[in-house]
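Notes for the one structure printed next.
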Amino acid sequence: MRVELSQTFRFEAAHRLPMVPMDHKCFRLHGHSFVVDVTLAGEVDERMGWLLDFADIAAVVEPILLGELDHRTLNDVKGLENPTSERLCRWLWGRLAPALPGLGAITVHETCAARCTYRGAS
């Protein structure tokens, strides 16, 4: 049986978008309560009855989100000098994909109404 398994994580961070015009609101430093959905896809292990233990996903994702991004200015993180939602998705993919086989998508919710989904290099 093939499934998609998603787990949601949260972190708080500030950023500014240095490439937008100076009068754009996102040029100024501001913060978000980011929500990140990590989705894996694959075949369910028949003996275990699951694709992967949610605790195993959290063990990979939480150290990166909480240790490297939470309560930081994203512009100061190597590779996120222009931390748009799109670039944050790709950055997270690069960090998570090696440790999460079957990674299918990363969705970054910047606000409750605005989000970006990345499904890896095409």
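The set of residues in region 84-112 that are touching a helix residue (DSSP H, G or I) at 6+ places or on another chain (Cβ under 7 Å), buried (at least 19 other Cβ atoms within 10 Å of the Cβ) and closer than 12 Å to HIS32 by Cα contains only VAL108.
Taken together, the residues in region 21-44 that are surrounded by fewer than 16 Cβ atoms within 10 Å (Cβ to Cβ), in contact with an Asp or Glu (Cβ under 8 Å, 6 or more places away or on another chain) and within 18 Å of CYS89 (Cβ to Cβ) amount to 2. Checking each residue in region 69-82 for being farther than 15 Å from VAL35 by Cα, surrounded by 15 or more Cβ atoms within 10 Å (Cβ to Cβ) and touching a helix residue (DSSP H, G or I) at 6+ places or on another chain (Cβ under 9 Å) picks out VAL77, LEU80, ASN82. Cβ-Cβ contacts under 6 Å between residues 6 or more apart (or on different chains), taken from a first residue in region 83-95 that is farther than 14 Å from LEU65 by Cα to a second residue that is part of a loop (DSSP other than H, G, I, E, B), are listed as SER85/GLU110.
Screening ARG10 with (1) surrounded by 12 or more Cβ atoms within 10 Å (Cβ to Cβ); (2) more than 24 Å from ALA121 (Cβ to Cβ); (3) in contact (Cβ under 8 Å) with a residue 12 or more places away in the chain; (4) over 10 Å from the mean Cα position of the chain (by Cα) gives one miss only, at (4).
Values quoted throughout were computed directly from the atomic coordinates according to the rules given, and no laboratory measurement underlies them. Everything numeric in this text was worked out from a predicted model, so none of it was measured. As a convention, Cβ positions derive from the backbone with ideal geometry for all residues, glycine included, and neighbour counts pool all protein chains shown.
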